[in-house]
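The values are calculated or read from the model by the stated rules, or taken from the named source; none is laboratory data. On a predicted model such as this, the values are computed, not experimentally measured, just so you know. With ideal geometry, Cβ positions are generated from the backbone for all residues, glycine too; neighbour counts draw on all protein chains shown. Surface areas here come from the heavy atoms of the whole protein model, side chains and all, with no ligands, DNA or RNA. Shrake-Rupley method; radii C 1.70, N 1.55, O 1.52, S 1.80 Å.
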Amino acid sequence: MKNSLLIEGGYPLNGRVRVSGAKNAGLVLLVASIMADGETILDNLPRICDVEVMVKILNDVGVNARWNEDGSLSICPPQGHVKVQTSYELSKKLRASNLFLGALLGREREAVVSLPGGCDIGSRPMDLHIKGIQALGSEVEIEHGFIYARAKAPAGARIYLDFPSVGATENIMMMAVKTPGQSIIENAAKEPEIVDLANFLNSMGARVRGAGTDLIKIEGVNELRAGRYAIIPDRIEAGTYMIAAAISQGDVLVENVIPTHLHPIVAKLQETGAMVEETDDGVRVRGGKRVNPVDIKTLPYPGFPTDMQSQMMALLSLAEGSSVIVENVFENRFQIVDELKRMGANIKVEGHTAVIKGVTTLYGARVKATDLRAGAALVLSGLAARGETIIEDAIHIFRGYEKISEKLCQLGAKVK
Ligand code: EPZ
């Protein structure tokens with residue numbers, strides 16, 4: 001089956017692996033670039049399925065986006081207007097297409113985006129996105145599964161987010177940078193990808209202050225000038241390879257990271273007994289002989305990232321003792337539990353809490369990737385399992401991990 005990954009477990013990973021650009025920074029910067037006049041060039045964009053779909057959506061709305069010889073991506077919006085409605089066919093493949101809401105309102109004062117269908121990790125509502133763009137002057141109708149928004153007289157406003165939603169913060173920022181007056185976002189998301197978006201917008205002439213804190217101030221400007229920008233490395237890809245080193249009892253140098261972005265992951269991994277040390281251009285991880293049980297609560301940044309929860313669950317399945325994981329960000333992010341149990345894990349789920357009783361051995365099995373990070377976690381359990389693991393629906397994994405087979409094989413894993 002072409003859409004599967006096959007892993008022969010039991011081989012410790014050794015060597016160096018280079019982290020690619022951050023999926024969740026690249027996706028929002030691709031959309032934000034439609035607001036700039038001229039050609040934007042993005043460096044360090046990972047060539048993953050989600051990015052390819054986003055490139056297709058850009059071209060579909062009339063923005064010329066194409067890869068350059070040097071691996072960068074050029075985005076050239078037209079002189080005139082772009083289509084204000086993203087294609088449903090393409091949008092349903094990529095939840096992040098909802099980020100066109102803020103960028104189209106910023107550029108065209110109008111946007112029609114599809115309400116995202118439910119996905120594997122929760123219902124993914126957009127109430128906070130809508131509250132924000134309405135505060136900035138948009139009239140919003142929701143009909144036939146689409147959000148219709150139009151801002152006849154946009155004006156800066158103060159917006160309080162009930163939850164520090166990453167996407168809502170990004171959509172509001174993108175609309176506000178081109179909305180006259182001052183806007184303030186309170187209880188804003190603080191993820192590194194928010195800071196990267198603010199830096200990118202400011203490099204185009206926007207006036208965003210306070211990104212990375214829970215209070216972001218924006219002074220609207222009339223125009224944004226395109227330029228060249230390199231996106232940050234992917235902290236979740238980095239964390240995934242760090243756990244790969246730990247779970248396989250290997251010794252891996254994960255290169256091209258920003259250490260501060262990894263602190264919550266480093267701290268937890270050290271608690272499990274792995275040796276983790278920061279070098280000037282990476283993080284070296286050596287797996288311990290044993291895995292200590294640890295308790296984890298996922299939280300918005302700088303708490304432990306929900307996008308690393310499944311990967312930690314794979315590691316803790318082999319701990320000497322019981323661990324407790326509480327998922328506080330998404331309402332349904334334990335899809336991986338049933339798959340890990342097929343490999344011999346001993347896990348009990350009660351609502352948002354999973355209790356993992358460590359076992360001595362996991363066994364290879366046929367399993368299914370239900371979402372991107374659960375798929376990545378099954379790769380990790382496959383690396384440590386006795387025998388062969390076949391992961392079906394591996395397309396989920398290719399959505400967010402550039403060249404994952406090559407990178408793992410280069411570290412000594414047996415993956416194809
Ligand atoms: C972003 O999703 C990331 N995706 C997710 O990464 C990540 O898990 C998430 O942030 C949290 O860090 C991208 O950046 C493309 P949220 P987003 O809005 O923006 C609730 C991955 O694996 N909420 O911060 O959709 C929501 O239901 C993906 O790379 C509302 O209630 O996340 C969820 O429970 C998965 N109302 C919580 O907030 C809203 O209007 C966090 O969602 C919006 C969100």
| field | Solvent exposure of the chain as accessible area per residue, Å², 1.4 Å probe | value | 39 Å²
| note | Between residue 22 and residues 5 or more places away or on another chain, the pairs with built amide H atoms under 5 Å apart involve 232, 234
| said: Could you sort the peptides 370-376, 337-343, 275-281 by per-residue average Cβ neighbour count (10 Å cutoff), highest mean leading? | reply: 370-376, 337-343, 275-281
| message | Compute, for the stretch 1-99, the length of the dipole vector about the Cα centre, with Cβ point charges of +1 (Lys, Arg) and -1 (Asp, Glu) only. Units Debye, rounded to 20. | response | 360 debye
| remark: For residue 403, counting only lysines whose alpha-carbon sits under 18 Å away and dropping same-chain residues fewer than eight positions off, the answer is 2, 23, 414, 416
| note | Rounded to two decimals, the Debye log10 I(q)/I(0) of the stretch 286-343 (Cα scatterers, no solvent) at q = 0.30 Å⁻¹ is -1.30
| Proximal lysines relative to residue 348, as straight alpha-carbon distance under 26 Å, when same-chain residues fewer than 8 apart are discounted | 268, 289, 297, 357, 368
| task | With the full set of protein chains in place, find how many percent of the accessible area of the chain is carbon and sulfur; take the probe as 1.4 Å. | result | 50 percent
| message | Given contacts defined as C-alpha pairs under 8 Å and at least six residues apart, what's the relative contact order of the chain, whole-number percent? | response | 20 percent
| query | Pick from 155, 238, 176: which is most flexible by mean-square fluctuation in a GNM of the chain where alpha carbon atoms under 10 Å apart are linked? | reply | 155
| message | Can you give me the long-range amide H partners of residue 296? Hydrogens built in the peptide plane at 1.01 Å from N, cutoff under 5 Å, separation of 5 or more residues or another chain. | response | 324, 325, 326
| task | Would you mind checking which residues have amide H under 5 Å from residue 160's amide H? H placed 1.01 Å from N; only 5 or more apart, or other chain. | result | 186
| query | Ranked highest first by the average count of other Cβ atoms within 10 Å around their residues, in what order do 324-332, 163-171, 289-297, 196-204 fall? | reply | 163-171, 196-204, 324-332, 289-297
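When N counts the residues of the stretch 271-394, how does its alpha-carbon radius of gyration compare numerically with 2.2 N^0.38 Å, as a ratio?
The reported ratio for this selection is 1.02.
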| field | Sites matching GluC sites (Glu not before Pro) across the stretch 38-87 that sit in DSSP coil, with at most 12 neighbouring C-beta atoms within 10 Å | value | 69
| task | For the stretch 23-230, list log₁₀ I(q)/I(0) at each q in 0.10, 0.12, 0.16, 0.17 Å⁻¹, using the Debye formula over Cα point scatterers of equal strength and ignoring solvent, two decimals each. | result | -0.36, -0.53, -1.00, -1.15
| message | Under 25 Å between alpha carbons, and skipping anything fewer than 8 positions from residue 152 in its own chain: which lysines qualify? | response | 83, 131, 178, 217
| message | Can you show me the helix-derived [θ] at 222 nm for the chain, built from DSSP H runs with n ≥ 4 at -39,500 (n - 2.57) apiece and divided by the number of residues, rounded to the nearest 500. | response | -9000 deg cm²/dmol
| said: Applying a 10 Å radius around every beta-carbon, put 206-215, 310-319, 90-99 in order of their mean neighbour count, most first. | reply: 310-319, 90-99, 206-215
| task | Let me see the pair-distance distribution of the chain: every alpha carbon pair, 10 Å bin width, integer percents in order. | result | 5, 23, 31, 24, 13, 3, 0
| field | Rg and Dmax [Cα atoms of the stretch 159-245; Å; Rg one decimal, Dmax integer] | value | 14.3, 50
